[in-house]
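All remarks here apply to the structure that follows.
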Amino acid sequence: MLTDSITNTIEYETAASLFIGAQMEGFIKIGNLGLEFQYRNKHLGKNLFFAWKDIREVQINISMRGKLGKEFSIETGTQTAVRFSSKETGKIVKLISAHIDKKRIVRAPNLLSPFSMKK
């Protein structure tokens, strides 16, 4: 399994969906060099790799009640945003925060964001 991966060591791997025009099923792999998305169907192309230094911001969907949603997005330095969905979002974000600055993990804007009170 490591032969298909760009990273040297894989810390965590889980099933996830990628949203780029259409929903793609696959696996998120978190490793020492970055986050990687491996397509479930090998014929769709090469894996998507996001190096830790290239990740500008991670936006997490949090409900009005403060519960963590299943979706999160990664914004790179080239202003590219890629949206993911997983049942293990909490674990994924916790592992990402171990590799990047915690200030770069933010709450995703929602419909009521303009009306919310800043604390």
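Read the figures in this text as sums done on the coordinates, not as results from a lab. Being a predicted model, the structure only gives us computed values, none of them experimental. Because the Cβ atoms are built from the backbone with ideal geometry, glycine has one as well, and the counts that use them run over all protein chains shown.
A crude spin-label estimate for the pair Ile20 and Tyr39, with each label 7 Å from Cα along the Cβ direction, gives 0.9 nm. Along the axis of the charge dipole computed for the chain (Cβ charges of +1 for Lys and Arg, -1 for Asp and Glu, origin at the Cα centre), the listed residues Thr14, Val58, Asn41 are led at the positive end by Val58. Loop-located trypsin sites (Lys or Arg not before Pro) in segment 42-75 (DSSP state not H, G, I, E or B) with no more than 12 neighbouring Cβ atoms inside 10 Å: Lys46, Arg65, Lys67. Our helix-only sum for the chain, with -39,500 (n - 2.57) per DSSP H run of n ≥ 4 divided by its residues, gives a mean residue ellipticity at 222 nm of -2000 deg cm²/dmol. Rounded to the nearest 20 debye, the dipole magnitude of the chain is 560 debye, with +1 charges on Lys and Arg beta carbons, -1 on Asp and Glu beta carbons, and the Cα centre as origin. The reciprocal of the average 1/r between distinct C-alpha atoms defines the Kirkwood hydrodynamic radius, which for the chain equals 15.0 Å.
The ranking of Ile20, Ile96 by Cβ neighbour count inside 10 Å, starting from the fewest, reads Ile20, Ile96.
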